[in-house]
Amino acid sequence: MPDALLKVRNLKKYFPIRGGLFSREIARVHAVDDVSFDIMPGETLGLVGESGCGKSTTGRTILRLIEATSGEVTFQGRNVTALDKRSLRQLRKEMQIIFQDPYASLNPRMTVGSIIGEALVIHKLAPTRKQREERVVQLLETVGLLPDHLRRYPHEFSGGQRQRIGIARALAVSPKLIVADEPVSALDVSIQAQIVNLLEDLQAKFGLTYLFIAHDLSVVEHISTRVAVMYLGKIVEIAPAKELYTNPRHPYTEALLSAVPIPDPTMKRKRILLEGDVPSPINPPSGCRFHTRCALRVPSCSTNEQTLKEVSPGHWVACQVRTGVAIR
């Protein structure tokens with residue numbers, strides 16, 4: 001087995017809430033709470049969950065766009081969380097991000113050529129203007145755009161074209177890992193398929209590794225090697241994609257999958273409706289985070305902290321009922 005390209009161990013990110021006369025910390029938002037996983041070279045790990053569960057914060061904390069509260073992120077054997085600014089800048093070439101909103105992530109005052117070429121200037125990858133333009137044209141063609149697009153501005157493009165520009169910007173420094181932060185959620189369904197297919201083609205061509213963040217499980221199914229399901233700051237299940245979709249073990253995963261539409265009108269799937277609302281990440285429930293909405297809960301679920309346990313090769317679940325260790 002090759003070593004993991006990325007190792008995340010006990011990652012936590014808490015956002016302070018301040019108030020009062022001296023702006024003291026009065027509470028904390030537990031956005032990411034003790035998350036651990038590995039990503040192998042060349043694979044795609046899908047990270048899914050409903051809005052506000054901490055998916056995007058996890059991705060940004062891994063890249064140190066947000067500083068972690070605690071935990072460790074190791075990329076190619078180097079502890080990313082302990083790097084100084086100079087070392088971190090050098091590592092930026094290896095780790096890039098595709099942002100969620102193609103309308104907000106591109107500077108409207110810069111041409112497409114300047115947006116994509118900016119990274120080449122910062123990392124000194126194209127010393128002359130001619131070399132920079134040649135590289136930008138090559139990147140535009142790689143993502144399905146025309147060479148003359150480099151002199152246009154973002155407002156002249158559709159949402160799908162803007163996301164292609166964002167992908168070209170991420171590819172400019174030839175990274176090994178790309179965090180795709182809900183890259184298709186702001187796009188029409190027909191365009192979503194084009195972008196997902198483009199990402200798959202680029203992965204095959206350049207040997208890329210993806211952390212693919214999404215809340216749409218039908219999108220994640222087609223691109224992911226493995227899928228991790230997140231709920232209220234914690235990973236509750238992680239498994240190979242096919243295994244997760246055919247044999248979900250955590251009650252929350254089952255509920256998510258029951259909401260995915262089936263294209264065949266003759267087939268019907270029993271919808272699982274969850275009780276209540278998502279608890280506040282400021283004051284998360286004790287024990288299992290999901291126990292307040294779970295139909296399978298037993299009394300010990302509210303007191304026992306759940307950890308991931310392997311139920312079959314590569315399939316990990318954080319549920320004491322489903323792993324057979326519940327105290328009823």
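Can you go through R89, R64, R60 and tell me which one is touching a residue at least 40 places away in the same chain (Cβ under 8 Å) and either aromatic (F, W, Y) or within 22 Å of A168 (Cα to Cα) (or both)?
R60
The C-beta contact set for the stretch 161-188 (first residue under 11 Å from Q96 (Cα atoms), second residue among the basic types (K, R) and outside any helix (DSSP H, G or I), distance under 8 angstrom, 6+ apart or interchain) comprises V173/R92; V173/K93; S174/K93; P175/K93. The set of residues from the stretch 106-132 being part of a helix (DSSP H, G or I) and farther than 23 Å from R86 by Cβ comprises V112, G113, S114, I115, I116, R129, K130, Q131, R132. Taking the condition farther than 22 Å from K12 by Cα, part of a loop (DSSP other than H, G, I, E, B), in contact (Cβ under 8 Å) with a residue 60 or more places away in the chain and not hydrophobic (A, V, I, L, M, F, W, C), does R269 pass? The answer is no for R269.
Residue check: V196 meets all listed conditions (1) in contact with a helix residue (DSSP H, G or I) (Cβ under 7 Å, 6 or more places away or on another chain); (2) in a helix (DSSP H, G or I); (3) at pLDDT 95 or above but one, namely (3). For the stretch 115-129, indicate whether the set of residues that are over 24 Å from the mean Cα position of the chain (by Cα) and surrounded by 21 or more Cβ atoms within 10 Å (Cβ to Cβ) is non-empty. Yes, the conditions are met somewhere in the stretch 115-129.
With respect to the conditions (1) under 24 Å from N197 (Cβ atoms); (2) crowded, with 16+ Cβ neighbours inside 10 Å, D264 falls short on a single one, namely (2).
Here the stretch 274-296 is the region considered, the condition is being under 23 Å from S258 (Cβ atoms) and touching a Gly at 6+ places or on another chain (Cβ under 9 Å), and the residue that is modelled with the lowest pLDDT is V278. Number of residues in the stretch 295-322 that are loosely packed, with under 13 Cβ neighbours inside 10 Å and among the small types (G, A, S) equals 3.
Yes/no matrix, rows are residues, columns are (1) closer than 22 Å to P281 by Cα; (2) of a type in the set (A, V, I, L, M, F, W, C); (3) surrounded by 15 or more Cβ atoms within 10 Å (Cβ to Cβ):
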site	(1), (2), (3)
F15	yes, yes, yes
M40	no, yes, yes
T58	yes, no, yes
A82	no, yes, no
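Give D201, D216 a once-over and let me know the one that is modelled with pLDDT of 95 or more and surrounded by fewer than 21 Cβ atoms within 10 Å (Cβ to Cβ).
Numbers: D216 fails: modelled with pLDDT of 95 or more.
None of the other options fit; the residue is D201.
For the stretch 95-105, name all the residues that are in a loop (DSSP other than H, G, I, E, B) and buried (at least 16 other Cβ atoms within 10 Å of the Cβ).
Pass one, the stretch 95-105, residues in a loop (DSSP other than H, G, I, E, B): 99-105.
F99, Q100, D101, P102, S105, listed by residue number.
Scanning the stretch 288-328 for residues that are assigned to a loop (DSSP other than H, G, I, E, B), closer than 16 Å to E254 by Cβ and free of Cβ contacts under 8 Å to residues at least 12 places away in the same chain yields nothing.
Are any of the residues in the stretch 238-256 part of a strand (DSSP E or B), under 23 Å from T57 (Cβ atoms) and of a type in the set (A, V, I, L, M)? Yes, there is a match, as at least one residue in the stretch 238-256 is part of a strand (DSSP E or B), under 23 Å from T57 (Cβ atoms) and of a type in the set (A, V, I, L, M).
Against the test of being over 26 Å from L45 (Cβ atoms) and of a type outside the set (S, T, Y), the options L199, L217, L171, L140 yield a single qualifying residue, L140.
Scanning the stretch 280-319 for residues that are aliphatic (A, V, I, L, M) and more than 19 Å from S36 (Cβ to Cβ) gives I282, A295, L296, V298. Can you confirm whether L45 is surrounded by fewer than 18 Cβ atoms within 10 Å (Cβ to Cβ), outside any loop (DSSP other than H, G, I, E, B) and among the aliphatic types (A, V, I, L, M)? So L45 does not fit the description; no. Residue count for the stretch 174-196 satisfying the condition of being under 15 Å from the mean Cα position of the chain (by Cα) and within 14 Å of E43 (Cα to Cα): 4.
The values are calculated or read from the model by the stated rules, or taken from the named source; none is laboratory data. This is a predicted model, so every value here is computed, not measured. Here Cβ is always computed from backbone atoms with ideal geometry, including for glycine, and neighbour counts include all displayed protein chains.
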